[in-house]
There are 2 protein chains.
Amino acid sequence: MTRNFLQELLGILLAYVGKTFDRSSKVLDFHHPHQLKEGLEGFSLELPDQPENLEQILVDCRDTLKYGVKTGHPRFFNQLSSGLDVIGLAGEWLTSTANTNMFTFEISPVFILMEEIVLRKMQEKVGWAAEEGDGIFCPGGSMSNLYSLLLARYDRYPEVKTGGMAELPRLALFTSEHSHYSIRKAAAVLGIGTKNVFVVKCDERGKMIPDELESCIIRAKTSGCVPFYVNATAGTTVYGAFDPLHNIADICAKHNLWMHVDAAWGGGLLMSKRHRGKLQGIERASSVTWNPHKMMGVPLQCAALLIRKKGLLQECNQLKAEYLFQPDKQYDVSYDTGDKSIQCGRHVDIFKLWLMWKAKGSEGFSMQVNRCLENAEYLFNCLSKRADFELVCKSKVAPKIKAKMMEEGMVMIGYQPLKDKVNFFRCVFSNPATRKEDVDFLLDEITRLGCGL
Amino acid sequence: MTRNFLQELLGILLAYVGKTFDRSSKVLDFHHPHQLKEGLEGFSLELPDQPENLEQILVDCRDTLKYGVKTGHPRFFNQLSSGLDVIGLAGEWLTSTANTNMFTFEISPVFILMEEIVLRKMQEKVGWAAEEGDGIFCPGGSMSNLYSLLLARYDRYPEVKTGGMAELPRLALFTSEHSHYSIRKAAAVLGIGTKNVFVVKCDERGKMIPDELESCIIRAKTSGCVPFYVNATAGTTVYGAFDPLHNIADICAKHNLWMHVDAAWGGGLLMSKRHRGKLQGIERASSVTWNPHKMMGVPLQCAALLIRKKGLLQECNQLKAEYLFQPDKQYDVSYDTGDKSIQCGRHVDIFKLWLMWKAKGSEGFSMQVNRCLENAEYLFNCLSKRADFELVCKSKVAPKIKAKMMEEGMVMIGYQPLKDKVNFFRCVFSNPATRKEDVDFLLDEITRLGCGL
Ligand SMILES: Cc1ncc(COP(=O)(O)O)c(C=O)c1O
Ligand SMILES: Cc1ncc(COP(=O)(O)O)c(C=O)c1O
């Protein structure tokens, strides 16, 4: 029964994978919330008291996919995470079948070691020496950024763990106006407060201006704050800009500040010989956020935090719960890494990345990242040749085009305003399935949908 | 190619599922870290520069499972999360195939609605009125507990979001000595500090003593702290004890404190008419942690935080990032729930629970939970009849038995010391596959392994 059921499920999933890669099928079949809630064609979201039979369960599975969004479709440009890597998928299926947890070697012997090996490899790509470096996989880049702040605070003031912020001066941290909002969110969570996040101006390309950083630091000091942390972004969320890491590292060294690099999006470029130069200086960071679930196309969630200083992560977070981290086990308990985490149970996010790395090799990841950047270059060239686009449209047309686009469902891209710029389209290239023809299609669709307005 | 590869993978996974349920197969095939790292029988964990072929990838998958721990084996008693529910598994496979993200209705229309519906159902089980209640699925119960503290702090002092802890008096919170360590960890992360966590004494059964709570509150006030939060545990990690919720709720009401109930483990009992009485008073909580990935046997990760007060979660956490939460979308944007989260990208943890609920009905979950408790009762009865066990062994024998047990790999159970008690075995019943014969087997094995010592 298990066998037949899972075999039928496989059929449904394979059909979905096939459609995902089929350009003639829609990216999504849009319905409003109330339509889905009312129950479309017998697809009811309500939960029963009595069991449904397996046949109905399979129908539910088919319908769930039908009304969803094909994030792996070559014409899905909407999010930084996209693509549907079949090996990564296999990795996730195996992970869920193993259904275990990262807290100890005892119950995750293989995955714990894989995490160590992959983290070490990523640290090498960052450029840290063999005796440096620690890290952990977290549920997303926002959590990685939170960890970095937590560690920086603890490194400077270890008494915060027991005494809380009450024992500390007013702390200040620095991040650019184009940086990801998770830095400010983490400051709120950690009890530092968003108003102690100094927002540093960027140039017109979205890169942090080092002189502005230095003025902010001085301003913070004058106002009685103690600066302790700078976040530099390597690949900003909207422009894909790279902050000048060497200049920022110089300033951090001068003022004795923790330097974090949020390379959630841009980290993938470290895999590419051609493009890794954009992250020059990252080896000077105290910590790095790098999300394989973005540019590298690994299924969600897969996000690493790398820390240069060994031992700090453990010291900062450990509480030595006796029911998990018994010191008198029969194996080397330094492999029980769970107390490094602010979680207890921790999902196995490592296996799919490890398996993809095996299947592609470092070379394969490099090629994949290069192709994303080629697509971006192609888009840029197309746009500069076309008269029917402005690089940032000076009108309110984007939300209207997007609404039509969602209803037709053939392509998906995000839009947003930014400071003095009104709504514009943000085109993401992380999907390995995307080809030049998809970029052409996108531009033609935007033109077509915009024409009638 | 995709089809053949995934079909072969399915074969490997089905074989593993078969072994998981086969009592004659081992729970684990133990190896030390260094053995696994050296590469057993050609299984290399190292990452290559050049791609491996698909055949090798399938071998890697088989080996990964081979050296892992079968957490769904009927004789796995080691962790609060266990079992291998085939429908839950199907749910995870579909989730990873859909590979999307919970931040907006735009890219997760179906899953966002499922989360709303399941949360509402859980709130009903807690006993909240229809107009009350909000919630979110988080990466684990520890994060749910962290959210509860964050919300309680914000509810009392909304200025903390911008100003940080610097603007607040010294806060104090209360939790029992048997409560989960994630409460203290969260206090460290949030900048409250672990020494401001007042640890309340328990009776000999592991239940918080209400009078002790009240004395702690008074002591905290006298020492200049401002009490704001009490964590009551419904199902402690080691004893499975239930704190007296009504008494605690009375004290919280009297002192105007946020009452959180950590029902990460015990929440499943709310599904059972026979046992839900153990959580009487939970309806008076301000927030509840409830992990379907524990007692209810849902695959990891699946953890809910429920909050009684509507709107608070959004207010506390929102930062209104323009690239995600555009207000001018074509649909009802109140369904873009992502800004309630302290994460940005958020894994879809809801589908497998929704699907299991469909397949079992509320009735099925009730029966499943009842069976876990019957197993526990059976163990208790067996022990009281046997002369070769003490309910808590007064010796150092547990770690030695455990080491032998791991090496033989036929059964798995955790041990630990607790206060004046030396190492004892903690037997967990959450695995739906466990039958009485497995309990018998466990006891006989412990006796057999212990005999030679
Ligand atoms: C009572 C209790 N609360 C919270 C947790 C933490 O849950 P998680 O491992 O999902 O973070 C546990 C885990 O064992 C627990 O027993
Ligand atoms: C630069 C940057 N950092 C961090 C994040 C957060 O990553 P996650 O969604 O995995 O939390 C994002 C997400 O878009 C990002 O663009």
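Residues in the stretch B:190-208 include at least one that is more than 13 Å from ligand 1 (Cβ to nearest atom), on the phi > 0 side of the Ramachandran plot, open to solvent by less than 10 Å² (accessible area, probe 1.4 Å) and in a loop (DSSP other than H, G, I, E, B).
Can you tell me which of A:SER362, A:SER334 is more than 16 Å from ligand 2 (Cβ to nearest atom) and free of Cβ contacts under 8 Å to residues at least 60 places away in the same chain? Within the list A:SER362, A:SER334, the selection yields A:SER334.
Which one of the conditions (1) within 16 Å of ligand 2 (Cβ to nearest atom); (2) more than 9 Å from every other protein chain (Cβ to nearest Cβ); (3) of a type in the set (A, V, I, L, M, F, W, C); (4) not in a helix (DSSP H, G or I) does A:LEU80 fail to meet, given that it meets all the rest? It is condition (2) that A:LEU80 fails. Listed conditions (1) within 16 Å of ligand 1 (Cβ to nearest atom); (2) closer than 30 Å to B:LYS201 by Cβ are all met by B:TRP258, apart from (1). A single entry from A:VAL439, A:VAL422, A:VAL411 fulfils the requirement of being buried (at least 22 other Cβ atoms within 10 Å of the Cβ) and within 14 Å of chain B (Cβ to nearest Cβ): A:VAL411. In the stretch A:367-374, is there at least one residue being surrounded by 21 or more Cβ atoms within 10 Å (Cβ to Cβ) and within 12 Å of another protein chain (Cβ to nearest Cβ)? Yes, some residue in the stretch A:367-374 is surrounded by 21 or more Cβ atoms within 10 Å (Cβ to Cβ) and within 12 Å of another protein chain (Cβ to nearest Cβ).
Residue by residue, here is whether (1) small (Gly, Ala, Ser); (2) within 28 Å of A:PRO292 (Cβ to Cβ); (3) within 20 Å of the chain's Cα centre (by Cα) holds:
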residue: A:HIS31; (1), (2), (3): no, no, no
residue: A:GLN35; (1), (2), (3): no, no, no
residue: A:GLU41; (1), (2), (3): no, no, no
residue: A:SER44; (1), (2), (3): yes, no, no
residue: A:ASP49; (1), (2), (3): no, no, no
residue: A:ARG62; (1), (2), (3): no, no, no
residue: A:HIS73; (1), (2), (3): no, yes, yes
residue: A:PHE77; (1), (2), (3): no, yes, yes
residue: A:ASN99; (1), (2), (3): no, yes, no
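Cβ-Cβ contacts under 8 Å between residues 6 or more apart (or on different chains), taken from a first residue in the stretch B:302-313 that is within 19 Å of B:SER142 (Cα to Cα) to a second residue that is among the basic types (Lys, Arg), are listed as B:CYS302/B:LYS352; B:LEU313/B:LYS340.
A:LEU453 satisfies every condition listed in (1) in contact (Cβ under 8 Å) with a residue 60 or more places away in the chain; (2) among the aliphatic types (A, V, I, L, M); (3) open to solvent by 40 Å² or more (accessible area, probe 1.4 Å) except (1). Applying the criterion of being β-branched (Val, Ile, Thr) and more than 12 Å from chain A (Cβ to nearest Cβ) to the residues of the stretch B:272-319, the residue that is farthest from ligand 1 (Cβ to nearest atom) is B:ILE307. Kindly indicate whether B:LEU449 is over 26 Å from the mean Cα position of the chain (by Cα), outside any loop (DSSP other than H, G, I, E, B) and over 27 Å from B:VAL369 (Cβ atoms). Here the answer is yes, as B:LEU449 does meet what is asked. With respect to the conditions (1) away from ligand 2 (no atom under 16 Å from the Cβ); (2) within 11 Å of chain A (Cβ to nearest Cβ); (3) open to solvent by 10 Å² or more (accessible area, probe 1.4 Å); (4) part of a loop (DSSP other than H, G, I, E, B), B:GLU322 falls short on a single one, namely (1). For B:ALA187, the criteria (1) touching a Cys at 6+ places or on another chain (Cβ under 8 Å); (2) within 29 Å of A:ALA188 (Cα to Cα); (3) crowded, with 24+ Cβ neighbours inside 10 Å hold in every case but one, which is (1). In the stretch A:117-142, the residue that is surrounded by the fewest Cβ atoms within 10 Å (Cβ to Cβ) out of those that are at the interface with another protein chain (Cβ under 9 Å from one of its Cβ atoms) and in contact with a Leu (Cβ under 8 Å, 6 or more places away or on another chain) is A:LYS121. Of all residues in the stretch B:346-404, which are farther than 30 Å from A:GLN56 by Cβ and β-branched (Val, Ile, Thr)? Passing the criteria: B:VAL392, B:VAL397, B:ILE401.
Conditions (1) touching a residue at least 24 places away in the same chain (Cβ under 8 Å); (2) at the interface with chain A (Cβ under 8 Å from one of its Cβ atoms), marked per residue:
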| residue | (1), (2) |
| --- | --- |
| B:GLU52 | no, yes |
| B:THR64 | no, yes |
| B:HIS73 | yes, no |
| B:ALA90 | yes, yes |
| B:ILE107 | no, yes |
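Within the span defined as the stretch B:250-258, every residue fails to be open to solvent by less than 10 Å² (accessible area, probe 1.4 Å) and closer than 30 Å to B:PHE429 by Cα. Per this entry, B:THR20 is not counted among residues that are within 16 Å of ligand 2 (Cβ to nearest atom), in contact (Cβ under 8 Å) with a residue 60 or more places away in the chain and among the β-branched types (Val, Ile, Thr).
Residue count for the stretch B:151-184, restricted to those that are within 16 Å of ligand 1 (Cβ to nearest atom) and either open to solvent by 10 Å² or more (accessible area, probe 1.4 Å) or in a loop (DSSP other than H, G, I, E, B) (or both): 6. Which residues, taken from the stretch B:245-275, are part of a helix (DSSP H, G or I) and more than 18 Å from the chain's Cα centre (by Cα)? Within the stretch B:245-275, B:LEU245, B:HIS246, B:ASN247, B:ILE248, B:ALA249, B:ASP250, B:ILE251, B:CYS252, B:ALA253, B:LYS254, B:HIS255 meet the criteria. Six or more apart or on different chains, Cβ under 6 Å: which pairs go from a residue in the stretch A:246-271 that's within 14 Å of another protein chain (Cβ to nearest Cβ) to one that's open to solvent by 10 Å² or more (accessible area, probe 1.4 Å) and within 16 Å of ligand 1 (Cβ to nearest atom)? Could you list them? From residues that are within 14 Å of another protein chain (Cβ to nearest Cβ), there are no pairs.
A:LEU355 satisfies every condition listed in (1) out of contact with any Phe, Trp or Tyr (no Cβ under 6 Å at 6 or more places or on another chain); (2) modelled with pLDDT under 95 except (2).
Quick check: is even one residue across the stretch A:328-337 more than 16 Å from ligand 1 (Cβ to nearest atom), under 30 Å from A:VAL200 (Cα atoms), out of contact with any Pro (no Cβ under 7 Å at 6 or more places or on another chain) and not in a strand (DSSP E or B)? Scanning the stretch A:328-337 turns up no residue that is more than 16 Å from ligand 1 (Cβ to nearest atom), under 30 Å from A:VAL200 (Cα atoms), out of contact with any Pro (no Cβ under 7 Å at 6 or more places or on another chain) and not in a strand (DSSP E or B). When every residue of the stretch A:139-155 is checked against the conditions, at least one turns out to be modelled with pLDDT of 95 or more, more than 16 Å from ligand 2 (Cβ to nearest atom) and either of a type in the set (Gly, Ala, Ser) or within 27 Å of A:GLN368 (Cα to Cα) (or both). Check whether at least one residue in the stretch A:278-296 is β-branched (Val, Ile, Thr), open to solvent by less than 30 Å² (accessible area, probe 1.4 Å), touching a residue at least 60 places away in the same chain (Cβ under 8 Å) and away from ligand 2 (no atom under 11 Å from the Cβ), and report yes or no. Scanning the stretch A:278-296 turns up at least one residue that is β-branched (Val, Ile, Thr), open to solvent by less than 30 Å² (accessible area, probe 1.4 Å), touching a residue at least 60 places away in the same chain (Cβ under 8 Å) and away from ligand 2 (no atom under 11 Å from the Cβ). I want to confirm something. Restricting to the stretch B:16-39 and keeping residues that are over 18 Å from A:ILE107 (Cβ atoms) and more than 10 Å from chain A (Cβ to nearest Cβ), which single residue is least open to solvent (accessible area, probe 1.4 Å)? The extreme case among them is B:GLY39. Quick check on the stretch A:383-399. Is at least one of its residues buried (at least 20 other Cβ atoms within 10 Å of the Cβ), touching a residue at least 60 places away in the same chain (Cβ under 8 Å) and over 30 Å from B:LEU80 (Cα atoms)? No, that holds for no residue.
The values are calculated or read from the model by the stated rules, or taken from the named source; none is laboratory data. Since we're looking at a predicted model, the values are computed, not measured. Note that each Cβ is placed from the backbone with ideal geometry, even for glycine, and that neighbours are counted across all protein chains shown. Surface areas here come from the heavy atoms of the whole protein model, side chains and all, with no ligands, DNA or RNA. Shrake-Rupley method; radii C 1.70, N 1.55, O 1.52, S 1.80 Å.
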